[in-house]
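To keep things clear, I will list the structure first and then write my remarks on it.
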Amino acid sequence: MCNLFNDEVVDKIFIEWESYHSINRRRKILHEIIECHKQGFYFTSIPTGLAQIEGSVMDAFKITGETKNGAHYIMLEELLETDFEKEVHVFYTDHIKGSFILGEDLRNSIGRNAILHGYDTNYGTELSSLKVILFLDYLFKRIELLGDSDIKPFLERNRSRIFK
């Protein structure tokens with residue numbers, strides 16, 4: 001997989017991201033994720049990329065105010081609702097969102113909680129970094145398709161699940 005998505009392809013992904021208005025304020029961060037990946041700084045590209053998932057989703061749904069814990073998961077479900085996207089959702093749930101138990105072997109290579117809470121210290125691989133970048137790429141493409149006609153009804157239906 002890493003041979004297919006070499007530096008040239010990863011650069012093209014970033015160039016496409018630059019055209020996405022919805023992630024404009026994250027441009028510098030995303031550029032550094034790509035540069036760190038290309039330079040082999042996977043211990044930096046991975047947590048930085050993982051941290052952008054939640055914020056990008058909250059921005060996409062134009063969320064302001066105090067939200068309930070896990071509100072972004074509800075929005076991710078909305079973004080990943082078609083049959084194909086269910087596979088992406090399973091990847092997110094099983095390999096990124098996955099929980100961990102202290103002292104037990106980690107069950108996936110890019111578990112957000114284990115990495116961002118400092119438990120996993122073996123996640124820094126090229127493949128894991130590429131998986132985060134490709135997940136972000138897919139997420140950003142879905143976000144670009146959202147319109148106010150999608151967002152307003154969703155927020156109305158889910159207000160009690162999202163906001164405190």
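Quick one: E35 ticks every box in (1) surrounded by 12 or more Cβ atoms within 10 Å (Cβ to Cβ); (2) acidic (D, E); (3) out of contact with any Ser or Thr (no Cβ under 9 Å at 6 or more places or on another chain) bar one, so which box is it? Here E35 meets the rest and fails (3).
Contact annotation: residue pairs with Cβ atoms under 7 Å, 6 or more positions apart or on different chains, pairing a residue in segment 25-43 that is within 13 Å of L136 (Cα to Cα) with a partner that is open to solvent by 40 Å² or more (accessible area, probe 1.4 Å) and assigned to a helix (DSSP H, G or I), are I29/T48; I33/T48. Among residues of segment 83-135 being among the acidic types (D, E) and open to solvent by less than 60 Å² (accessible area, probe 1.4 Å), the one that is nearest to E54 (Cα to Cα) is E85.
Could we say that Y138 is in a loop (DSSP other than H, G, I, E, B), among the aromatic types (F, W, Y), modelled with pLDDT of 90 or more and farther than 26 Å from E66 by Cβ here? No, not satisfied. Go through the residues of segment 145-154 one by one and say whether even a single one is within 12 Å of I53 (Cβ to Cβ) and either among the aliphatic types (A, V, I, L, M) or exposed (fewer than 11 other Cβ atoms within 10 Å of the Cβ) (or both). No, segment 145-154 has no match at all.
Looking across segment 44-74, the residues that are free of Cβ contacts under 8 Å to residues at least 24 places away in the same chain and more than 19 Å from P153 (Cα to Cα) come down to T44, T48, E54, N69, G70. Do we have any residue at all in segment 47-61 that's over 25 Å from V10 (Cβ atoms), over 14 Å from the mean Cα position of the chain (by Cα), open to solvent by less than 30 Å² (accessible area, probe 1.4 Å) and not hydroxyl-bearing (S, T, Y)? Yes, segment 47-61 contains at least one residue that is over 25 Å from V10 (Cβ atoms), over 14 Å from the mean Cα position of the chain (by Cα), open to solvent by less than 30 Å² (accessible area, probe 1.4 Å) and not hydroxyl-bearing (S, T, Y). When the test is whether a residue is among the polar types (S, T, N, Q) and either within 23 Å of C2 (Cα to Cα) or at pLDDT below 90 (or both), S149 does not pass it.
The values are calculated or read from the model by the stated rules, or taken from the named source; none is laboratory data. Keep in mind the model is a prediction, meaning the values are calculated, not measured. Backbone-built Cβ (ideal geometry, glycine too); neighbour counts: all protein chains shown. Each accessible area value is taken on the protein alone, full model and side chains, heavy atoms only, with ligands, DNA and RNA left out. Shrake-Rupley method; radii C 1.70, N 1.55, O 1.52, S 1.80 Å.
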